[in-house]
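Q: Take this structure first; my questions come after.
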Amino acid sequence: MAQKTKELMALTGNEAAAYAMKQINPDVVAAYPITPQTELMQTFAQYVADGLVDTELVAVESEHSAMSACVGAAAGGARTMTATSSQGLALMWEVLYIASGLRLPIVMSVVNRALSAPINIHGDHSDSMGARDSGWIQLWSENAQEVYDNLIQAVRIAEEVFLPVMVNLDGFIISHGVEVVETLPDDTVKEFVGERKSPYRLLDIDHPITVGALDLQDYYMEHKRSQAEAMRTAMPTILKVGKEFEGIAGRNYEAVENYRLEDAELVVVALGSTCGTAKDAIDELREEGIEAGLLKIRVFRPFPWEEIKSALGSKKAVAVMDRAEGMSAVGGPLFHEIRSCLYDLTNRPLTVNYIYGLGGRDVAIEDIKKVFYDLVSIAKLGKVEDFYRYLGVRE
Amino acid sequence: MARLRDLAKKHSPLTSGHRACSGCAFPQVARQVLLAAEEPVVVVVATGCMEVATTIFPYTAWCVPWLHCAFENAASTLSGVESAYRALKKRGVIDREIRFIAFGGDGGTYDIGLQALSGALERGHRMLYVCYDNQAYMNTGIQRSGATPTYAHTTTSPVGKVIPGKLERRKDLTEIVVAHDIPYVAQSTPAHWNDLVTKVQKALAVDGPSFINVLQPCRLGWNFEADMAIELARLAADTCVWPLYEVVNGEYRLTYRPREKKPVEQWLKLQGRFRHLFLPENRHLIDEIQAETDRKWEKLLKKCGLA
């Protein structure tokens with residue numbers, strides 16, 4: 001039965017992603033099971049089995065082959081999607097760079113999970129953070145609704161800028177938590193994503209092309225430069241697609257989201273589901289008279305440099321939350337990029353980094369409030385004594 | 001049965017001017033395979049000699065749609081292309097018959113690409129995988145692979161004062177593929193053009209996966225004169241080191257039986273990688289290779305119902 005009106009549904013994050021994929025109706029999906037992504041692909045496989053999509057589902061024998069098959073399918077001209085987590089993304093690593101280097105608009109859900117060792121199946125951002133230099137656009141979701149919305153927008157973004165897009169959702173917290181999701185009518189999604197139009201297709205046998213040629217000292221650098229330029233100029237398209245999506249869904253999507261930020265002096269910067277927790281913490285802190293605010297990063301690649309600079313420019317103290325340990329010995333990956341971006345400002349806020357929630361360690365409202373209380377002391381002291389901290393760890 | 005006269009009239013999808021070594025046999029393998037195809041083809045090539053020598057940007061020697069992804073994933077990459085074809089055909093975007101061919105060297109097929117190959121075969125994609133087997137990692141400078149024969153000298157199984165080259169046996173990939181129970185599996189060489197072309201046509205005609213393992217003498221790695229590649233491929237069949245056979249829906253058939261089975265020594269002595277075997281103290285190693293070749297040949301004859 002086709003969905004004809006907007007509907008509220010009780011869906012897990014995984015189901016929301018699968019439902020978006022059903023409405024997108026991609027040509028090819030190649031995937032391999034891994035916790036916590038499994039439910040997503042199981043749900044989608046049932047849509048295939050029930051004839052609700054036209055998709056060729058390629059149930060490959062590894063994630064390396066999943067991404068390889070996606071490269072082949074996307075080069076062939078097919079609208080191509082996949083999904084993975086953690087070790088699966090790690091196994092894809094080699095091919096992630098090939099997908100972006102060949103400028104193939106593959107869309108992938110990444111159900112974020114910790115990397116082994118020690119082995120752990122729960123949510124953190126180590127997997128996608130490690131892929132931050134792989135040339136994929138990264139969209140991050142706060143809840144199941146955003147997973148659904150981001151995935152639909154990702155198809156348009158990828159195909160317009162010729163770059164692959166990963167849509168991130170926190171393992172278990174979002175992937176397995178049931179929420180109310182407002183879904184769009186089938187035809188609205190179909191019309192929004194349209195048909196994939198590609199100027200070059202491997203399957204256009206009358207116009208043969210060579211894809212993936214050896215590229216040596218005399219051309220490699222120009223090709224990388226043009227790839228970087230595509231990433232640099234992707235932001236206007238991401239924002240344009242967000243605006244158009246707002247037109248059909250009524251939900252606003254920008255590169256970043258400011259929550260009670262305008263008049264805030266103390267700011268937490270975060271990705272993913274923690275932003276929801278932070279919003280509740282901020283509401284409580286405002287009651288206590290603390291001028292707290294949140295800067296949520298939705299688009300991590302391309303990095304929203306200008307937006308972050310203008311959002312944090314006048315603030316007193318900023319805590320950057322990293323749900324991944326960069327092993328640099330001086331803080332997590334998000335912290336480094338945020339701090340680097342603040343360097344140009346005349347009045348720089350004081351910055352502190354918190355590594356938190358590794359391997360699915362729970363983050364409660366109280367934890368975020370503790371971070372803000374720390375920011376109060378930092379602002380009062382006028383300096384940061386130790387900028388690289390852990391939150392919620394036994395030491 | 002293909003006719004040389006007809007094949008010669010066809011436009012070669014692999015142009016001259018590529019950068020393969022003089023005396024290399026992979027261009028013959030690629031040309032014979034592609035000339036055999038009646039329908040248009042899309043080609044995926046694994047990282048290796050064939051890829052680096054034919055596509056240095058901004059040039060390409062390929063007149064057919066061609067994709068290179070990585071080393072170990074020619075089979076899975078092509079399975080994606082073939083899936084895209086089926087999806088786009090279903091949607092009416094494509095209405096022509098297209099065939100799908102992957103080429104991988106022995107390193108990319110026997111070793112690092114074995115899993116991707118096995119997966120693609122099990123999934124039943126309609127595609128032909130051609131392994132151009134030159135029996136070592138030639139592109140990186142002659143390192144041993146699972147396909148390297150016993151006692152061959154390579155840079156990672158060098159002949160030394162105490163070790164006479166590679167000590168282990170060669171992996172029998174063709175038999176591994178046969179175990180997947182796919183419709184068509186074969187072995188051939190570029191010296192037996194009619195055998196190879198016929199096998200490619202049979203492979204492309206089956207509605208499912210097919211695999212052909214083609215021995216490709218490598219001038220650099222095997223260390224022979226530039227005009228000897230085809231002769232060495234012929235001798236490999238005549239000594240039964242590389243038997244020509246096919247397995248159609250599980251049924252074995254010998255496609256070439258040498259009138260007179262030549263001693264392996266004749267094949268070994270033309271190659272620098274086996275030079276050490278001809279020292280008097282190593283005579284027993286040649287005997288050992290002969291015994292192993294005989295054993296495998298007898299086993300194959302039995303499978304073909306000829307013993």
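The values are calculated or read from the model by the stated rules, or taken from the named source; none is laboratory data. Everything numeric in this text was worked out from a predicted model, so none of it was measured. Glycine also receives a Cβ, built like all others from the backbone with ideal geometry; neighbour counts cover every protein chain displayed. These accessible areas exclude ligands, DNA and RNA; they are computed on the full protein's heavy atoms, side chains included. Shrake-Rupley method; radii C 1.70, N 1.55, O 1.52, S 1.80 Å.
Q: Could you check, for segment A:343-363, whether at least one of its residues is in a helix (DSSP H, G or I), at negative phi and surrounded by fewer than 19 Cβ atoms within 10 Å (Cβ to Cβ)?
A: Checked segment A:343-363: no residue is in a helix (DSSP H, G or I), at negative phi and surrounded by fewer than 19 Cβ atoms within 10 Å (Cβ to Cβ).
Q: All but one of (1) under 23 Å from B:Leu173 (Cα atoms); (2) within 7 Å of chain A (Cβ to nearest Cβ); (3) assigned to a strand (DSSP E or B) hold for B:Phe103; which doesn't?
A: Here B:Phe103 clears every test but (2).
Q: Could you tell me which numbered condition B:Ala46 fails, if it satisfies all but one of (1) in contact with a helix residue (DSSP H, G or I) (Cβ under 8 Å, 6 or more places away or on another chain); (2) within 7 Å of chain A (Cβ to nearest Cβ)?
A: Result: B:Ala46 fails condition (2) only.
Q: Go through segment B:87-97 residue by residue and tally those that are at the interface with another protein chain (Cβ under 7 Å from one of its Cβ atoms) and open to solvent by less than 80 Å² (accessible area, probe 1.4 Å).
A: So the answer is 3.
Q: Would you check if there is a residue in segment B:201-219 being in a helix (DSSP H, G or I), in contact with a Phe, Trp or Tyr (Cβ under 9 Å, 6 or more places away or on another chain), hydrophobic (A, V, I, L, M, F, W, C) and within 21 Å of B:Lys262 (Cα to Cα)?
A: No, segment B:201-219 has no match at all.
Q: Quick check, is A:Glu191 more than 14 Å from every other protein chain (Cβ to nearest Cβ), acidic (Asp, Glu), without any contact (Cβ under 8 Å) to a residue 60 or more places away in the chain and open to solvent by 30 Å² or more (accessible area, probe 1.4 Å)?
A: Yes.
Q: In this structure, does B:Thr77 turn out to be within 7 Å of chain A (Cβ to nearest Cβ), in contact with a Gly (Cβ under 9 Å, 6 or more places away or on another chain) and within 23 Å of B:Ile142 (Cβ to Cβ)?
A: So B:Thr77 does not fit the description; no.
Q: OK, next. What strands (runs of 3 or more DSSP E) completely inside segment A:1-103 contain at least 1 residues that are within 18 Å of A:Trp136 (Cβ to Cβ) and either open to solvent by less than 50 Å² (accessible area, probe 1.4 Å) or free of Cβ contacts under 8 Å to residues at least 12 places away in the same chain (or both)?
A: The strands (runs of 3 or more DSSP E) meeting that bar are A:28-31, A:80-84.
Q: Could you check segment B:1-47 and list, in sequence order, the residues that are under 12 Å from A:Ala213 (Cα atoms) and either among the aromatic types (Phe, Trp, Tyr) or open to solvent by less than 20 Å² (accessible area, probe 1.4 Å) (or both)?
A: Across segment B:1-47, the qualifying residues are B:Val44, B:Val45, B:Ala46.
Q: Additional query: Can you find, within segment A:208-243, the residue that is most open to solvent (accessible area, probe 1.4 Å) among those that are within 11 Å of chain B (Cβ to nearest Cβ) and in contact with a strand residue (DSSP E or B) (Cβ under 9 Å, 6 or more places away or on another chain)?
A: Among those that are within 11 Å of chain B (Cβ to nearest Cβ) and in contact with a strand residue (DSSP E or B) (Cβ under 9 Å, 6 or more places away or on another chain), it is A:Pro208.
Q: Does segment A:164-185 contain any residue that is within 23 Å of A:Ser68 (Cα to Cα) and more than 13 Å from the chain's Cα centre (by Cα)?
A: Residues of segment A:164-185 that are within 23 Å of A:Ser68 (Cα to Cα), as a first pass: A:164-169.
Within this subset, residues satisfying the condition of being more than 13 Å from the chain's Cα centre (by Cα) are none.
No, segment A:164-185 contains no residue that is within 23 Å of A:Ser68 (Cα to Cα) and more than 13 Å from the chain's Cα centre (by Cα).
Q: Being aliphatic (A, V, I, L, M) and under 13 Å from the mean Cα position of the chain (by Cα) narrows it down to one residue among A:Ala83, A:Ala114, A:Ala74; which is it?
A: A:Ala83
Q: Another question about this same structure. Which condition number does B:Ala84 fail, the rest of (1) part of a helix (DSSP H, G or I); (2) touching a residue at least 12 places away in the same chain (Cβ under 8 Å); (3) crowded, with 24+ Cβ neighbours inside 10 Å being met?
A: If we test B:Ala84 against (1) part of a helix (DSSP H, G or I); (2) touching a residue at least 12 places away in the same chain (Cβ under 8 Å); (3) crowded, with 24+ Cβ neighbours inside 10 Å, just (2) comes out false.
Q: Pairs only if they're at least six apart or on different chains, beta carbon under 7 angstrom, first in segment B:203-216 and surrounded by fewer than 24 Cβ atoms within 10 Å (Cβ to Cβ), second part of a loop (DSSP other than H, G, I, E, B); list them, first residue then second.
A: From segment B:203-216, the pairs are B:Leu204/B:Ala37; B:Val206/B:Pro183; B:Asp207/B:Arg126; B:Gly208/B:Gly124; B:Gly208/B:Arg126; B:Gly208/B:Ile182; B:Gly208/B:Pro183.
Q: Oh, and also: One residue is enough: does segment B:134-141 have a residue meeting the conditions facing chain A (nearest Cβ under 7 Å), in contact (Cβ under 8 Å) with a residue 40 or more places away in the chain, open to solvent by 20 Å² or more (accessible area, probe 1.4 Å) and more than 22 Å from A:Leu57 (Cα to Cα)?
A: Taking every residue of segment B:134-141 in turn, none turns out to be facing chain A (nearest Cβ under 7 Å), in contact (Cβ under 8 Å) with a residue 40 or more places away in the chain, open to solvent by 20 Å² or more (accessible area, probe 1.4 Å) and more than 22 Å from A:Leu57 (Cα to Cα).
Q: How many residues does segment A:271-293 contain that are farther than 23 Å from A:Ser175 by Cα and either at pLDDT below 95 or not in a helix (DSSP H, G or I) (or both)?
A: 6
Every residue, every condition in (1) touching a residue at least 12 places away in the same chain (Cβ under 8 Å); (2) outside the structural domain of A:Glu159 (by TED's automatic domain parsing); (3) under 21 Å from A:Ala144 (Cα atoms); (4) in contact with a helix residue (DSSP H, G or I) (Cβ under 6 Å, 6 or more places away or on another chain), yes or no:
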| residue | (1), (2), (3), (4) |
| --- | --- |
| A:Pro236 | no, no, no, no |
| A:Ile282 | yes, yes, no, no |
| A:Glu288 | no, yes, no, no |
| A:Lys315 | yes, yes, no, no |
| A:Arg323 | yes, yes, yes, no |
| A:Cys341 | yes, yes, no, yes |
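Q: Look through A:Leu169, A:Leu163 and report the one residue that is away from chain B (no Cβ under 13 Å), under 30 Å from A:Ala114 (Cα atoms), outside any loop (DSSP other than H, G, I, E, B) and not β-branched (Val, Ile, Thr).
A: Unique residue meeting the criteria: A:Leu169.
Q: Could you go through segment B:66-81 and let me know if any residue there is at pLDDT below 95, farther than 19 Å from B:Ala203 by Cα, over 21 Å from the mean Cα position of the chain (by Cα) and not polar (S, T, N, Q).
A: No: zero hits.
Q: For B:Thr55, all conditions in the list (1) in contact (Cβ under 8 Å) with a residue 24 or more places away in the chain; (2) within 7 Å of another protein chain (Cβ to nearest Cβ) hold save one; what is the number of the exception?
A: (1)
Q: Yes or no: segment A:114-131 includes at least one residue that is open to solvent by 10 Å² or more (accessible area, probe 1.4 Å), in the same structural domain as A:His223 (by TED's automatic domain parsing) and among the charged types (D, E, K, R).
A: Checking segment A:114-131: not a single residue is open to solvent by 10 Å² or more (accessible area, probe 1.4 Å), in the same structural domain as A:His223 (by TED's automatic domain parsing) and among the charged types (D, E, K, R).
Q: Now for a separate question. From A:Arg339, A:Arg301, A:Arg323, which residue is buried (at least 17 other Cβ atoms within 10 Å of the Cβ), charged (D, E, K, R), modelled with pLDDT of 95 or more and within 21 Å of A:Thr277 (Cα to Cα)?
A: None of the other options fit; the residue is A:Arg323.
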